[in-house]
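J.: Have a look at the structure that comes next, please.
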Amino acid sequence: MEPLLKISRLSVNYAEAGGAVVSALRGVDLEVCAGEALGILGESGAGKSSLGLAVMRLLPSQALVTSGSVNFHGADAAASFAGPGDVRFGLFS
């Protein structure tokens, strides 16, 4: 069965004032098939919110996806979504 959501080797960094770089996600891999539920647990600052924002392409401007891919319904999410409205009103309406 083809996964509904597939994340491969996703890494996200944040640029801090002064030029420092903080790694929020490093090489995240996961798959979720239709009918499955997934819970993300972790300590404060572990990257849970960064993962969700990266999947929805809503990362803040100081964040950079440095590697990896997000596929939704078998298509590259970065290439197929023009913005969050596509997800909220196009695929789920």
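The values are calculated or read from the model by the stated rules, or taken from the named source; none is laboratory data. Keep in mind the model is a prediction, meaning the values are calculated, not measured. Ideal geometry is used to build each Cβ from the backbone, glycine not excepted, and the neighbour counts take in all protein chains shown. For the accessible areas, the whole protein counts, side chains as well, though only heavy atoms, and no ligand, DNA or RNA atoms are used. Shrake-Rupley method; radii C 1.70, N 1.55, O 1.52, S 1.80 Å.
J.: For the stretch 21-35, indicate whether the set of residues that are in a loop (DSSP other than H, G, I, E, B), out of contact with any Phe, Trp or Tyr (no Cβ under 7 Å at 6 or more places or on another chain), of a type outside the set (Gly, Ala, Ser) and under 15 Å from Val70 (Cβ atoms) is non-empty. Working first, answer last.
T.: At the first step, the residues of the stretch 21-35 found to be in a loop (DSSP other than H, G, I, E, B) are 33-35.
Adding the requirement that they be out of contact with any Phe, Trp or Tyr (no Cβ under 7 Å at 6 or more places or on another chain) leaves 33-35.
From what is left, the residues that are of a type outside the set (Gly, Ala, Ser) are 33.
Narrowing further to those that are under 15 Å from Val70 (Cβ atoms): none.
Scanning the stretch 21-35, I find no residue that is in a loop (DSSP other than H, G, I, E, B), out of contact with any Phe, Trp or Tyr (no Cβ under 7 Å at 6 or more places or on another chain), of a type outside the set (Gly, Ala, Ser) and under 15 Å from Val70 (Cβ atoms), so the answer is no.
J.: Would you mention how many residues in the stretch 26-60 are in contact with a Ser or Thr (Cβ under 8 Å, 6 or more places away or on another chain) and free of Cβ contacts under 8 Å to residues at least 40 places away in the same chain?
T.: Within the stretch 26-60, the first condition is being in contact with a Ser or Thr (Cβ under 8 Å, 6 or more places away or on another chain), and the residues that meet it are 26-29, 59.
In the following step, the residues that additionally are free of Cβ contacts under 8 Å to residues at least 40 places away in the same chain were identified as 26, 29.
Residues that pass the stated criteria total 2.
J.: Identify the residue in the stretch 43-62 that is assigned to a loop (DSSP other than H, G, I, E, B) and small (Gly, Ala, Ser) and, among all such residues, is nearest to Ala17 (Cα to Cα).
T.: At the first step, the residues of the stretch 43-62 found to be assigned to a loop (DSSP other than H, G, I, E, B) are 43-47, 56-62.
In the following step, the residues that additionally are small (Gly, Ala, Ser) were identified as 44-47, 61.
Numbers: Ser44: 21, Gly45: 18, Ala46: 20, Gly47: 19, Ser61: 13 Å.
The residue in question is Ser61.
J.: Also, I was wondering about something else. Can you tell me which residue in the stretch 16-58 is least open to solvent (accessible area, probe 1.4 Å), limited to those that are of a type in the set (Val, Ile, Thr) and over 16 Å from Ala77 (Cβ atoms)?
T.: Going through the stretch 16-58, the residues of a type in the set (Val, Ile, Thr) turn out to be 21-22, 28, 32, 40, 55.
Of the ones still in play, those that are also over 16 Å from Ala77 (Cβ atoms) are 21-22, 40.
Details: Val21: 98, Val22: 60, Ile40: 76 Å².
Only one residue fits best here, namely Val22.
J.: Say whether the condition of being among the β-branched types (Val, Ile, Thr) and modelled with pLDDT of 90 or more is met by at least one residue in the stretch 77-90. Even if it seems obvious, please write down each step before you answer.
T.: To start, the set of residues in the stretch 77-90 that are among the β-branched types (Val, Ile, Thr) comprises 87.
Next cut, modelled with pLDDT of 90 or more only: none.
Within the stretch 77-90 (the criterion being among the β-branched types (Val, Ile, Thr) and modelled with pLDDT of 90 or more), the answer is no, since none of the residues qualifies.
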